[in-house]
1. I'd like the full set of residues that are under 19 Å from Phe76 (Cα atoms), in a loop (DSSP other than H, G, I, E, B) and in contact with a helix residue (DSSP H, G or I) (Cβ under 6 Å, 6 or more places away or on another chain), limited to the range 86-127.
2. Quick one: how many residues across the range 146-165 are more than 25 Å from the chain's Cα centre (by Cα) and among the charged types (D, E, K, R)?
3. For Glu193, which of the numbered conditions (1) closer than 23 Å to Val17 by Cβ; (2) surrounded by 12 or more Cβ atoms within 10 Å (Cβ to Cβ) fails to hold?
4. With respect to Ile64, determine if the residue is in contact (Cβ under 8 Å) with a residue 60 or more places away in the chain, among the β-branched types (Val, Ile, Thr) and either part of a helix (DSSP H, G or I) or crowded, with 20+ Cβ neighbours inside 10 Å (or both).
5. Of the numbered conditions (1) modelled with pLDDT of 95 or more; (2) buried (at least 17 other Cβ atoms within 10 Å of the Cβ); (3) in a helix (DSSP H, G or I), Ala133 fails exactly one; give the number of that condition.
6. In the range 164-202, which residues are over 22 Å from Asp129 (Cβ atoms), modelled with pLDDT of 95 or more and not aliphatic (A, V, I, L, M)?
7. So is Arg34 surrounded by fewer than 20 Cβ atoms within 10 Å (Cβ to Cβ) and within 30 Å of Glu193 (Cα to Cα) or not?
Amino acid sequence: MQAQIKKCIPEQAIPKVISLLEHDNVIVKIKNERKTKHGDYKPLPNGKHQITINSNLNQYRFLITLIHEIAHFEAFSKYGRFIKPHGIEWKRTFKHLMLPFLNPRVFPSELLPLLAKHFKNPKASSDTDALLALALKQFDEPNNKTFVFEVSLGETFKLYNGKVFKMGNKRIKRYECVEVKTGKLYLFNPTAEVELIHKNYE
């Protein structure tokens, strides 16, 4: 397990991460890409705890996601099973665990101000922080994906499942998009990744 994780995170982060995972009852599994999440945590019936992380994440997003899930384990262990998944106990734990990594030996200098701002009040997903998500994306392998907030009004795009949408107006935080086939209105998070279609659908 440790050998796999070492390949997925910045070198300077390895000793601290390994020390955080020195629990006999914590299992970390690296999974193929899942479209709806970067990672997850769950307590298992046998008393152990499982963390899964997507294998396709760049090293900085992988590290953030791993510490996010370790924070779930630590908060569960300290405060019990009845806390809110992303409530104050988890936020406090995540901030505490992440602080030692927020330095230029681990993260590129251009990410540090965005990370410092994000961790004043960490959200359930770093993807909801559009500026941080965009900054992290530059370290991904090149692909043909675009964030929803980069799509122009009236342009069409498709999801990983092949469904085609037409871009609409922005509400307070999310974007109205109409599924071309059904005419149904959906709301998209600004950092949902989509593929632009360079033709007009009526």
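The values are calculated or read from the model by the stated rules, or taken from the named source; none is laboratory data. As the structure is a prediction and not an experimental result, all values here were calculated from the model. Please note: Cβ atoms are built from the backbone with ideal geometry, for glycine as well, and neighbour counts cover all protein chains shown.
1. Selection gives Pro122 alone.
2. 1
3. (1)
4. On the way: in contact (Cβ under 8 Å) with a residue 60 or more places away in the chain: yes; among the β-branched types (Val, Ile, Thr): yes; either part of a helix (DSSP H, G or I) or crowded, with 20+ Cβ neighbours inside 10 Å (or both): yes.
Criteria met by Ile64.
5. Answer for Ala133: the failing condition is (1).
6. Matches in the range 164-202: Phe165, Lys166, Gly168, Glu179, Lys181, Thr182, Gly183, Lys184.
7. Working: surrounded by fewer than 20 Cβ atoms within 10 Å (Cβ to Cβ): yes; within 30 Å of Glu193 (Cα to Cα): yes.
Spelling it out, Arg34 is indeed surrounded by fewer than 20 Cβ atoms within 10 Å (Cβ to Cβ) and within 30 Å of Glu193 (Cα to Cα).
Residues are listed down the side, and each one gets a yes or a no for (1) at pLDDT below 95; (2) closer than 24 Å to Thr191 by Cα; (3) under 13 Å from the mean Cα position of the chain (by Cα):
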| position | (1), (2), (3) |
| --- | --- |
| Pro43 | yes, no, no |
| Leu57 | no, yes, yes |
| Asn103 | no, no, no |
| Asn121 | yes, yes, no |
